1. Restricting to region 85-103, count the residues that are without any contact (Cβ under 8 Å) to a residue 40 or more places away in the chain and either within 26 Å of residue 278 (Cβ to Cβ) or assigned to a helix (DSSP H, G or I) (or both).
2. Counting only residues that are surrounded by fewer than 18 Cβ atoms within 10 Å (Cβ to Cβ) and not aliphatic (A, V, I, L, M), how many does region 219-254 have?
3. In region 232-254, what residues are of a type in the set (Ser, Thr, Tyr) and outside any helix (DSSP H, G or I)?
4. So, residue 287, is that one part of a helix (DSSP H, G or I), closer than 20 Å to residue 149 by Cβ, more than 19 Å from the chain's Cα centre (by Cα) and touching a residue at least 12 places away in the same chain (Cβ under 8 Å) or not?
5. Does region 137-149 contain any residue that is in contact (Cβ under 8 Å) with a residue 40 or more places away in the chain, buried (at least 18 other Cβ atoms within 10 Å of the Cβ), at negative phi and in contact with a Lys or Arg (Cβ under 7 Å, 6 or more places away or on another chain)?
6. Taking residue 198 and the conditions (1) over 21 Å from the mean Cα position of the chain (by Cα); (2) within 26 Å of residue 150 (Cα to Cα); (3) touching a residue at least 24 places away in the same chain (Cβ under 8 Å); (4) buried (at least 18 other Cβ atoms within 10 Å of the Cβ), which numbered condition does it fall short on, given that it satisfies the others?
7. Could you identify the single residue in 280, 304, 309 that is part of a loop (DSSP other than H, G, I, E, B), touching a strand residue (DSSP E or B) at 6+ places or on another chain (Cβ under 9 Å) and touching a residue at least 12 places away in the same chain (Cβ under 8 Å)?
Amino acid sequence: MRVMRTLMLWLLPIILLCSFCSVAFWIFLSNNNVIPHPSSRIPQKSSETKSCKGCSKDNVLIAKGLENYSHKWKKHEANFKRFRSLLSSKCYAVSKAVVTKNNTPLGSNVIYDGERRKPLQVTQALFNILVKEQPFGNATWESCAVVGNGGILANSSCGEEINSAQFVIRCNLPPLDNRYEKDVGNKTSLVTANPSILHEKYSGLMERRRPFVESLRPYGQALLLLPAFSYGHNTPVSLRAFYTLEDFGSDSPLPVFLNPEYLRRLSKFWRERGLNSVRPSTGLIMASLALEICSNVHLYGFWPFNKHPNDNRPITNHYYDDRESKKNVHSMPTEFEHLLKLHKQGVIRIHLGECQPT
């Protein structure tokens, strides 16, 4: 009995003390609205950082690009001649840009620039449809406009200025109807046609072919440049395009084939200058071609971002739709950066925003 009493005397103060501490702890939490802090081992990202991650990257690229841009452009003749001479000595566009009877003899092999282990022998049938010599000849055009399809051309009022160029190059069969004529013009000296477009829009020319011929009417008798020998699967559809125009296309564009040897040389030229994309885009290829055959080169519709450089307003990927390009093949911002450097050096002129009335 005495032991039990003694034990109770010891336990009672301990029980009372624990109860008091528990009550005090809960009163403290209630009065101070305490929220436990997160572990310092797990850093928390703010919602602002998450939501602006993509746009801040674009803003940096745009700001960096515009550092080399000036609306008050002036041609630097010495820089132009130096760059043109270097480009011509490496790529030979005047003699090699297009596959011809002169540079691709009967019985020789065409080496695909995308599949070098798979040569194509030049048969009599293939040789017969090649143009005899380069369509560019030895003449140099005074002024050339290379028209990309960027959304920056929408509401630009550049159509009249583009039409005033002596030689106009367009990329990948863009629409030229009345909806766009004010902004992009309608004059065409050369237009490219990617085989993927022939598959998507015209079922690879395996069905009705007249719609394809009719769609080319806006380009008049321009050169139709086909990359028939980039990959093996491009050859059959490109040949079908050639034969379709031969069969149905009076007063239509003249189909010619882009030379894979020229493409290899051009890819190497730009790689040596830091461009590491899988292959140059059509826009860069055409800008490079223009630099060899034209005295004054102007670029329109070259802007690889979805914000306008003047006021940051959203713009579409193309002046006629918002379809995205294949970013895993081409490096558009990097290409544009190289072109901007040439703009800054007075070699080539890039037009951004609205064109001034002439």
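Just so it is clear, none of the values below were taken in a lab; they were calculated from the coordinates. Just so it is clear, the structure is predicted and the values come from calculations on it, not from any experiment. Methodologically, a virtual Cβ is constructed for each residue, glycine included, from the backbone with ideal geometry; neighbour enumeration extends over all protein chains shown.
1. 4
2. Quick first cut of region 219-254, residues surrounded by fewer than 18 Cβ atoms within 10 Å (Cβ to Cβ) only: 220-221, 231-233, 236, 243, 246-248, 250-251, 254.
Imposing the further condition that a residue be not aliphatic (A, V, I, L, M) reduces the set to 220-221, 231-233, 236, 243, 246-248, 250-251.
Residues flagged as surrounded by fewer than 18 Cβ atoms within 10 Å (Cβ to Cβ) and not aliphatic (A, V, I, L, M) within region 219-254 amount to 12.
3. Of all residues in region 232-254, those of a type in the set (Ser, Thr, Tyr) come to 235, 238, 243-244, 250, 252.
The answer is 250, 252.
4. Numbers: part of a helix (DSSP H, G or I): yes; closer than 20 Å to residue 149 by Cβ: yes; more than 19 Å from the chain's Cα centre (by Cα): no; touching a residue at least 12 places away in the same chain (Cβ under 8 Å): yes.
Spelling it out, it is not the case that residue 287 is part of a helix (DSSP H, G or I), closer than 20 Å to residue 149 by Cβ, more than 19 Å from the chain's Cα centre (by Cα) and touching a residue at least 12 places away in the same chain (Cβ under 8 Å).
5. Yes, that holds for at least one residue.
6. That leaves (1) as the condition not met.
7. 304
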